[in-house]
């Protein structure tokens with residue numbers, strides 16, 4: 001299933017274009033395109049500089065620090081790392097099953113973070129493209145433009161995001177660097193005041209979440225053929241799944257399906273993940289290319305995240321999200337939905353599920369329980385896997401007899417989607433860029449394909465002032481013939 | 001939405017990643033101010049908040065304030081720090097993984113339909129931002145000088161901060 005555009009047969013003499021950095025994705029990445037003299041795309045690659053050094057950063061630290069320490073890996077989804085590490089350390093301390101209170105508090109935290117992350121992505125990062133079109137004036141195609149033209153929607157995005165952050169604050173104890181999840185459980189439950197505080201807004205959140213799903217459906221069906229075909233690729237899908245096949249972002253077994261919906265493996269104990277998934281390397285990228293071992297490197301790559309999760313699950317446990325899943329599945333006509341832009345739709349179904357699940361948990365007396373912690377016999381290794389907002393996240397640790405981490409392995413969601421994102425930009429290159437002079441609007445289409453995955457390339461250093469977008473055109477003699485730049489203020493300038 | 005939380009009239013908002021070398025200047029200032037709050041009453045009417053980076057929801061944290069001070073590390077400001085008044089600006093910082101304070105002020109203006117409170121930016125010069133690195137010695141010195149400035153500022157009325 002890998003595209004022939006991954007590597008040009010004769011790269012010498014081809015025109016090279018670089019889109020760097022990508023905008024409205026978390027962190028730093030770039031796309032390189034090679035075109036011949038007729039502007040036919042011969043090679044398209046997504047390069048991401050990320051995550052190297054994370055494992056080294058962790059080594060040598062005591063295991064009990066992990067749930068707090070790993071939050072510093074990423075400013076975008078610290079709660080995902082917090083919970084994945086907490087699950088791994090549960091195993092290390094021999095806590096094979098958490099108390100109901102501990103598990104439900106963690107789930108509440110996870111629903112809060114997924115809700116706020118999905119709200120940010122849709123309302124802030126992608127709605128400008130979806131509401132205004134990919135060829136809208138670049139100065140207008142941003143969150144400020146959304147607020148200007150759709151003030152109600154933009155405000156809802158802000159408040160959904162804020163609510164999710166409040167759920168995290170209440171469950172984790174702090175806005176950031178929370179210590180809520182600890183090896184073997186949690187360090188606090190919720191009191192009545194905290195529950196009432198969160199309950200105060202949940203009805204409004206549910207209304208807005210349903211409204212967001214209705215909005216994306218309207219947008220999707222307004223240009224149905226385009227949304228179905230844009231950057232569409234046939235891929236395998238990987239996600240966690242609950243024992244009975246229900247959607248579950250906190251815990252379950254691994255399920256993989258092929259592009260026709262056939263099961264590759266199901267309900268696999270995630271501690272055995274390395275028997276089923278291998279991490280391939282390519283000489284042109286620092287980021288690894290995971291694939292399903294039994295299918296092989298060429299055809300075994302897969303997608304993770306909302307699209308994979310909604311396709312893979314048999315049902316949602318909450319009624320509104322389940323109703324939306326059934327409607328979503330119709331467009332697949334019996335097969336997994338492969339439209340890359342359907343990520344947005346699936347993401348908002350998940351947002352609705354998170355809102356419903358938060359409402360359910362706030363009515364569950366277990367979240368006020370006092371039985372918070374379980375401990376057993378210390379183990380020498382632990383693996384924690386969760387469905388982070390962007391997809392399946394693996395944490396694995398080996399410790400020595402002093403409890404010090406000797407080895408760590410992380411496969412983050414964006415790495416899981418690496419090959420798929422590359423295939424999506426090649427699909428765009430084939431269908432929209434071939435034979436055309438490159439323009440900002442055309443190049444934005446490449447970025448739109450990447451943004452659909454909500455990649456987290458974060459380094460969280462916010463070094464501002466760099467060029468948000470720079471395109472260099474180089475002729476066959478490797479001479480710069482044209483340069484298009486988008487400044488930090490959105491101004492476009494051309495240098496010949 | 002819920003308005004149960006009480007707000008102090010002044011907000012000091014620091015941001016940065018504590019594990020990214022000098023990017024930790026913001027959170028380090030937060031720690032200094034938290035300690036200072038225990039020994040000095042001059043921070044009694046000031047809320048302290050910290051986060052990895054600024055995002056749209058932080059516009060809500062700015063509500064019901066008389067003044068706001070953002071504090072962050074900067075790779076390009078003059079050493080030891082720069083202090084300036086902020087304007088709400090639609091500066092397209094959406095193109096990075098963090099919004100600028102001016103852009104957050106702009107979101108505030110749009111969702112509240114009125115001007116944000118007076119806001120200021122204290123940028124502390126940093127030099128190294130690698131994962132797992134400590135704050136550099138030079139940046140530590142800049143941090144201390146900036147801390148001294150804030151201790152003086154909080155003795156004054158927030159309306160006079162623009163005269164710094």
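Here are some notes:
- Evaluating kT/(6 pi eta Rh) at 10 °C and 1.306 mPa s, with the Kirkwood radius of region A:279-432 over Cα pairs in the Stokes-Einstein relation, gives 86 µm² s⁻¹.
- Listed by Cβ neighbour count within 10 Å, with the fewest neighbours leading, A:439, A:318, A:415 appear as A:439, A:318, A:415.
- If the Kirkwood radius is taken over C-alpha pairs of region B:10-163, then at 4 °C and 1.567 mPa s the Stokes-Einstein diffusion coefficient equals 83 µm²/s.
- Residue order for A:124, A:82, fewest other beta carbons within 10 angstrom first, comes to A:124, A:82.
- Kirkwood-type hydrodynamic radius, region A:202-351: 16.3 Å, calculated from all non-identical alpha-carbon pairs.
- The mean number of partner chain beta-carbon atoms within 10 angstrom of a residue's beta-carbon across peptide A:70-83 is 3.
- Protection proxy ranking, highest mean first, for peptides A:321-327, A:111-117, A:195-201: A:111-117, A:321-327, A:195-201, where packing is the per-residue count of other beta-carbon atoms within 10 Å, averaged.
- Region A:375-390 and region B:140-164 have Cα centres spaced 45 Å apart.
- Pairwise Cα distances in region A:183-255 exceed 21 Å in 66 percent of cases.
- At R0 = 60 Å, FRET efficiency that the Cβ-Cβ distance of residue B:38 and residue A:329 yields, to 0.05: 0.60
- Taking a ≥ b ≥ c as the square roots of the eigenvalues of the Cα gyration tensor, region A:312-389 is classed as oblate, since a/c reaches at least 1.5 and a/b does not exceed b/c.
- Annotation for region A:394-430 versus region A:190-240: alpha-carbon center distance of 25 Å.
- Neighbouring Cβ atoms from other chains, within 10 Å of the Cβ of residues in B:16-27, number 4 on average.
- Region A:54-416 - convex hull of alpha carbons, volume per residue in Å³: 138
- Convex hull per residue volume in Å³, alpha carbons only, for region A:32-96: 123
- Sorted ascending by nearby beta carbons within 10 Å, beginning with the fewest, B:30, A:315 become A:315, B:30.
- Centroid-to-centroid separation of region B:31-74 and region A:74-109 [C-alpha atoms, Å]: 29
- The helix-based estimate of mean residue ellipticity at 222 nm for chain B, built from -39,500 (n - 2.57) per DSSP H run of four or more residues and divided by its residue count, is -9000 deg cm²/dmol to the nearest 500.
Bear in mind that the values in this text are calculations on the coordinates, not laboratory data. Worth saying up front: this structure is predicted, and the values here are computed from it rather than measured. Note that we place each Cβ from the backbone using ideal geometry, even for glycine, and neighbour counts take in every protein chain shown.
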